[in-house]
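Shown next, in structure tokens, is the structure this report addresses.
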Amino acid sequence: MKVNSDFPGLVARGMRDPVLRASLNAMEASRPYMYKLAFDELDDAGALKAAATAARRRSLAGLGGYLEAFERNVVANGGQVHWAADAEEANAIVARICRARGARRVTKSKSMVTEEIELLQALESAGLEVTETDLGEYIIQLRGETPSHITAPALHVSLQQVIDAFNEHHHLDREHPLTTADELLTEARAVLREKFLDADVGITGANFLIAETGGVVVVTNEGNADLTTALTQTHIVVTGIEKVVATLEDAEVLLRILPRAAVGQRLTNYTSFFHGPRRPGDADGPEEFHVVLVDNGRSAMLGTEFEDMLRCIRCAACLNHCPVYTAIGGHAYGAVYPGPMGAVLTPQLAGLAGSAHLPNASTFCGRCAEVCPVGIPLPKLMRHWRAREFAQHLRPAGERRGMRLWSSLSRHPVLYGLATQVARRFLRWYAGRALATGWMRHLPWAGIGWARHRDLPVPPAASFQQQWAQRAKAKHR
Amino acid sequence: MNSRAAILARIARQVGRLPSHARADDAASADRNVDVVDVHSSQKNQADGLRPVEASAHGSTLLSPEEADACITRFTALAAATQMTVARVAAPDAVPAAVLEYLRAGAMAPGIVIDPTLRVDTAQWDRAGLSWTCGDTRADGDVYVSAGLAAIAECGAVVLASGQERALRNDFLARTHIVVVAADRLLPGFADLWALLRRRPAGELLPRTFCLITGPSRTADLGVPAKLGAHGPARVHVLLLGS
């Protein structure tokens, strides 16, 4: 998985983008509220979260057996299962199936795994015409972008920018120029309807795989996964190995909690269960049904301190509640998975060296862990990455030296007292006229950047320890 | 070693290596489902423990009249929350009139496409003054009247399934979707749907594709409020058939 390591630069860009700021503010004001309403109406939200967590734990504890059972049942349903160790192999499998079917046009419903492995780019370079059919994904496909949010991929795009994208790409003779959201919807529906009807292959992700039945579950609010699969001759499911669950009942628990956590909905508009290709005599349905199970670093997380992350159901509640995500937006994370879950997943999938900023970009306020419907301790996992980062000497040498100095100073109280006394005196001298106001607006050396956006209180003449000692003396007198 | 073997081998090697924090709450939840696959048995035979699909104790026909009424009340309330309308029809012969009434109320033309599996005497459509065709929807503006497999009170969903005679695609292609569901297939909860799906002769598979639908197709990608009629139907109307 590719990652843009220039986190500071991307953050600056995100924070300067007025469209993004407006969208993030609106999201921050609504999504946590919708989340709260959706869980408050339940008799026992805690029990549902516990059941969902247990269902995901069960999946991981028996992962190998469930995957084999799933495979066997898919085959019994008339489908085929393919195993891909990494992104390259997964893309090659999908391209091979398309080639074998003589396909030219592909429709695709939204899937984060396909973003992770960059399937779209791989298929396009194999000469296929691929159309994203989730409206948000379609918009960012036209704009040549990646999603900035897991469940709202075009969060960063304004209505005017959608109009511009449609004007640039649709080449239609319209009676009136596009102006409203309704007009955009009508046009998108007509354009994408043609794509659905013309497609040779339909690709979906999977929200869950059911070992018991060999079923693939996909949820959408638009119905695009259903049109993608119902109107093509070949249905290819591309998903991660961790998506398998034991039974219909386990899938049910997760289907109840996923839309509540994601957008405060009771149930997603379309919750679809796919069990293989068209059967003899069926009125419709694809002739071929393929499931590509993608590992790409997942099995290596099992049995490690990052195993909890494999429970993730991609609801994005952690993004929606994150003070960092809602300040900088998804693109700042430099990889397809943003927010707290991305800060844990990206170092695993793309390597810590290029993504070490991410687990550090957290205030550790703990909201993400609090709202996670499957109880993933995200801050704890980020801390594991920070520890690894230090152990692998990935922090700058200056910082490491500083930490070492601090560590040894704090273990020698006399030295510590002396050093802080020198620093205090120096800062009071440096403050000069600012001494009277009590606030320093400028700092020397390493403090220059820090003081650009903040003021530092002028250090007092006597240190805390000195003041404490004086008070104690006064009391005893 | 091929990828399948390599992945399964790595999983077998890694699973359970963790000095695990929280295996305790796995045990606490062991009252459900865990028997389905014995996760602790050998990798090879694990999945053979899958429970054969069988009928569950709870059947919808066993509901008392009070329970059935409660189901209808809950279903109707939840349907309304997702912009889905619900009406009741006493008998199959009354379905055409109810369809016509719905179309008139929405100022829609009295033309419909009928699901071939809908058990309504075709003469009744003519008698009601509806122009109809049976089979596939052709144009994006079509009204499609389909036979739903079931409905679920607990979550306000109608369930549509693929089959030998009915093409599931029509449920998504039409602009207006009218779903006829037998009232005795209005199930209290998800569990009853799973029971219904599992209650079938040995060797027979689940319906190939089935979909739980709650309301019209919608998108939040063009701002707030969400827009209806994104790709699929912009209107969904449910007719509960029978008492």
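The values are calculated or read from the model by the stated rules, or taken from the named source; none is laboratory data. For clarity, every value in this text was computed on a predicted model and none was experimentally measured. Quick reminder, even Gly has a Cβ in these numbers, built from the backbone with ideal geometry, and neighbours come from all protein chains shown. Heads up: the accessible areas ignore ligands, DNA and RNA and are worked out on the full protein's heavy atoms, side chains in. Shrake-Rupley method; radii C 1.70, N 1.55, O 1.52, S 1.80 Å.
Some values worked out for this structure:
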{"quantity": "Solution diffusion estimate, µm²/s, Stokes-Einstein, segment A:77-138, Kirkwood Rh from C-alpha pairs, 4 °C, viscosity 1.567 mPa s", "calculated": "105 µm²/s"}
{"quantity": "Protein-only accessible surface order, largest first, of A:370, A:41, A:71 at 1.4 Å", "calculated": "A:370, A:41, A:71"}
{"quantity": "Alpha carbon centroid spacing (whole Å) that separates segment B:173-225 from segment A:90-161", "calculated": "27 Å"}
{"quantity": "The protein assembly as shown: Cys lacking any partner C-beta under 4.7 angstrom", "calculated": "A:98, A:312, A:315, A:322, A:365, A:372, B:71, B:134, B:155, B:211"}
{"quantity": "Shape call, segment B:57-241: gyration tensor on alpha carbons, a/c limit 1.5", "calculated": "rounded"}
{"quantity": "Nearest 10 degrees, 0 to 90: helix A:18-40 Cα axis against chain A principal axis", "calculated": "80 degrees"}
{"quantity": "Dipole of chain A, positive direction: furthest Cα of A:357, A:30, A:103, with charges on the beta-carbon", "calculated": "A:357"}
{"quantity": "In order through segment A:234-245: 3J(HN,Hα) via Karplus (6.51 cos²θ - 1.76 cosθ + 1.60), integer Hz, x for Gly, Pro", "calculated": "9, 10, 10, 9, 10, 8, x, 5, 7, 6, 6, 10"}
{"quantity": "Tensor-based shape of the protein assembly as shown (alpha-carbon gyration tensor, a/c under 1.5 rounded, otherwise prolate or oblate)", "calculated": "prolate"}
{"quantity": "For segment A:42-296, share of DSSP beta bridges that run antiparallel, in % to the nearest 5", "calculated": "25 percent"}
{"quantity": "Per-residue mean of C-beta atoms belonging to partner chains within 10 Å, peptide B:75-84", "calculated": "1"}
{"quantity": "Where the Cα pairs of segment A:195-320 fall when distances are cut into 10 Å bins, in %", "calculated": "12, 39, 36, 12, 2"}
{"quantity": "Exercise: per-residue mean of other protein chain Cβ atoms within 10 Å, A:77-85", "calculated": "3"}
{"quantity": "Overall form of segment A:42-296 per C-alpha gyration tensor (a/c, 1.5; a/b vs b/c)", "calculated": "oblate"}
{"quantity": "Computed FRET value (nearest 0.05) for residue B:164 with residue A:191, which takes r as the C-beta separation and R₀ as 35 Å", "calculated": "0.60"}
{"quantity": "Straight-distance crosslink candidates among lysines, where the alpha carbon sits under 22 Å from residue A:110 and sequence neighbours closer than 8 are dropped", "calculated": "A:2, A:195, A:243, B:227"}
{"quantity": "Cβ neighbours within 10 Å from other chains - mean over A:242-251", "calculated": "4"}
{"quantity": "A versus B: buried accessible surface, summed, Å² (probe 1.4 Å, to nearest 100)", "calculated": "7000 Å²"}
{"quantity": "Span from the segment A:325-341 Cα centroid across to the segment A:388-445 one, whole angstrom", "calculated": "32 Å"}
{"quantity": "Using a Förster distance of 30 Å, the FRET efficiency for residue A:461-residue A:25 (Cβ separation, nearest 0.05)", "calculated": "0.10"}
{"quantity": "Estimated FRET transfer efficiency when R0 is 56 angstrom, pair residue B:70-residue A:352 (beta carbons, to 0.05)", "calculated": "0.55"}
{"quantity": "Student exercise, segment B:57-241 dipole from Lys, Arg, Asp, Glu Cβ charges, in Debye to nearest 20", "calculated": "320 debye"}
{"quantity": "With at most 14 other Cβ atoms within 10 Å, longest stretch of chain A clear of loop chymotrypsin sites (Phe, Trp or Tyr not before Pro) (DSSP)", "calculated": "A:1-363"}
{"quantity": "Residue (of A:254, A:14, A:199) at the positive-pole extreme of chain A, dipole from beta-carbon charges", "calculated": "A:14"}
{"quantity": "For the protein assembly as shown, calculated [θ]222 nm from helices alone, where every DSSP H run of n ≥ 4 adds -39500 (n - 2.57)", "calculated": "-13000 deg cm²/dmol"}
{"quantity": "Estimated dipole of segment A:417-476 in Debye, rounded to 20 [Cβ of Lys and Arg +1, of Asp and Glu -1, Cα centre]", "calculated": "140 debye"}
{"quantity": "Of all DSSP beta bridges in chain A, antiparallel share, percent nearest 5", "calculated": "30 percent"}
{"quantity": "Relative contact order for chain A, counting Cα pairs under 8 Å that sit 6 or more residues apart, in percent", "calculated": "20 percent"}
{"quantity": "Relative contact order %, segment A:417-476, counting alpha carbon pairs below 8 Å whose residues are six or more apart", "calculated": "33 percent"}
{"quantity": "Charge-dipole axis of the protein assembly as shown as Lys and Arg at +1 and Asp and Glu at -1 on Cβ define it, positive-most pick from A:410, A:157, B:168", "calculated": "A:410"}
{"quantity": "Cα centroid separation - segment A:216-258 against segment B:143-158, whole Å", "calculated": "19 Å"}
{"quantity": "Separation of the residue A:419 and residue A:473 label points, Cα + 7 Å toward Cβ, nm", "calculated": "2.6 nm"}
{"quantity": "Nearest-20 debye value, chain A charge dipole, Cβ charges on Lys, Arg, Asp, Glu", "calculated": "3980 debye"}
{"quantity": "Helix A:378-391 vs. chain A, principal-axis angle (Cα, 0 to 90°, nearest 10)", "calculated": "70 degrees"}
{"quantity": "Accessible area of chain A belonging to carbon and sulfur atoms, whole % at 1.4 Å probe", "calculated": "55 percent"}
{"quantity": "Residues with amide H under 5 Å from that of residue B:86, placed H, sequence gap 5 or more", "calculated": "B:238"}
